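What follows is a short report on a single structure.
Each reported figure results from applying straightforward, stated rules to the coordinates on display, with no laboratory input. Remember, it's a predicted structure, so these values are computed and weren't measured experimentally. Every residue, glycine among them, receives a Cβ derived from its backbone with ideal geometry; neighbour counts consider all protein chains shown.
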Amino acid sequence: MAHDGLRFGIFLAPFHRVGDNPTLALARDLELIQYLDDLGYDEAWIGEHHSAGWEIIASPEIFIGVAADRTKRIMLGSGVTSLPYHHPLLVAQRFVQLDHMTRGRAMLGCGPGALVSDAYMMGIDAEHQRRMMDESLGAIMQLLAGKEPVTMKTDWFELKEARLHLAPYTKGGFPIAVASATTPAGVLTAGKHGVGLLSLGAGLPGGPEKLAEQWKLGEAEAAKYGKTIKRDEWRLVVNMHVAEDDEQAVREVRVGERLETQTYFSETLGRPPMRSENPLAEGLAAGTTLVGSPDTVAEGIARMVAHTGGGAGAVLFRAHEWANREQTLRSFELFARWVMPRFQGSLDWPLASRNWASDNRGGIFGPSMNALRKAFIDAGQEVPDHMRLKLHTGKTPA
């Protein structure tokens, strides 16, 4: 990375209202990632869903392949690949290929599958999804290690002397992370396999207060299996929208957020666990939804990171369409301009330079007035009155 400190990015499920042109919606998603790449955002994670009409990307790998060709530096991950839906050999092969084709910009996000309706259509029992995710990730980690052929049999997949025909492009392997939302299963799986963590629950009621506890669970599980987990590979996912002031920001998102909550999370999904009836109001009060001016949002991020008990590596914003297109793009621009630098160390040198000049302006800039005065005299012209006063008092008239 070209900066120190926190990384920033998006978690693109995506969320597109039913009735919107899906072809254009997918095009907007690609354009958004291009825009974020230009603004210097670090990561974009793209979801996998197969039902319910809103989250319409079925293959994050296809999307990543197209987005990689249109961007220069932003990291691109699956957010997330639902491991119970795929044979682990195929998942490993696809992401090694993406690792090569993106020259090291691919990331694998893993989860059990967020929509029960997806699993239902494939005949997968929801009670087995988390176990299946753990079994699949274990196989994927062995395949990526490449130490020996992998032979393994479960009740839903089998590997016979399996090996990958390409090693990962990225030295040490591409980033892998497990999603964690409402249960401890995700963080325990991340700890067991020594991989990164995507805390989707950071923006849910009670989420921030549980972050430090969640991380301790992961550390304990990692130690049990002789692994370690790194805070730099911990990503917090929250809702965000920035405008010039708090009132404008809330005004821009209120209608769109209510439509999403009512028509998708309530009417379509039956309001999943931990999803409140009024998430905008409750999220703003609890600090789990960050909507406001750059100062307000920056303060919210600082509080959230403080809840981790030692820091995290990245903050990701759930990509939504609460505001209109222009306001949404403006939000990401304002954040990149006025918030990101505060957490990445890029303001330290300009501030130090400005403060040094200000503190020493009398001794440094004052003598230059004599040179200006001399230039007028040498040219045979009268020294302007405001320069005469400046030379006498060190102040310019109002």
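For region 155-198, which residues satisfy the criterion of being surrounded by fewer than 20 Cβ atoms within 10 Å (Cβ to Cβ), aliphatic (A, V, I, L, M) and not in a loop (DSSP other than H, G, I, E, B)? Those that are surrounded by fewer than 20 Cβ atoms within 10 Å (Cβ to Cβ), aliphatic (A, V, I, L, M) and not in a loop (DSSP other than H, G, I, E, B): Leu159, Ala162, Ala185.
Among the listed residues Ala202, Ala249, which satisfies the condition of being crowded, with 21+ Cβ neighbours inside 10 Å, more than 16 Å from Met304 (Cα to Cα) and in contact with a His (Cβ under 9 Å, 6 or more places away or on another chain)? Result of the check over Ala202, Ala249: Ala249. In region 256-276, of all residues being of a type in the set (S, T, N, Q) and surrounded by fewer than 18 Cβ atoms within 10 Å (Cβ to Cβ), the one that is nearest to the chain's Cα centre (by Cα) corresponds to Ser276.
Within region 166-191, being out of contact with any Gly (no Cβ under 8 Å at 6 or more places or on another chain) and touching a residue at least 12 places away in the same chain (Cβ under 8 Å) holds for Leu166, Pro168, Gly173, Thr183, Pro184, Ala185, Thr189.
Residue-by-condition table, conditions (1) under 30 Å from His241 (Cα atoms); (2) among the hydroxyl-bearing types (Ser, Thr, Tyr):
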| position | (1), (2) |
| --- | --- |
| Arg131 | no, no |
| Leu159 | no, no |
| Thr183 | yes, yes |
| Gly186 | yes, no |
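In region 56-73, the residues that are assigned to a helix (DSSP H, G or I) form Cβ pairs under 6 Å with partners that are among the hydroxyl-bearing types (Ser, Thr, Tyr), at six or more places apart or across chains, as follows: Pro60/Ser78; Ala68/Thr102. When the residues of region 84-134 are narrowed to those that are charged (D, E, K, R) and in a helix (DSSP H, G or I), which ends up surrounded by the most Cβ atoms within 10 Å (Cβ to Cβ)? Taking the candidates together, the pick is Asp99. Whether a residue is surrounded by fewer than 20 Cβ atoms within 10 Å (Cβ to Cβ), touching a residue at least 24 places away in the same chain (Cβ under 8 Å), touching a helix residue (DSSP H, G or I) at 6+ places or on another chain (Cβ under 6 Å) and of a type outside the set (Asp, Glu) was assessed, and Leu217 passes this test. Looking only at residues of region 322-340 that are touching a strand residue (DSSP E or B) at 6+ places or on another chain (Cβ under 7 Å) and not in a loop (DSSP other than H, G, I, E, B), we find that the one that is surrounded by the most Cβ atoms within 10 Å (Cβ to Cβ) is Met340.
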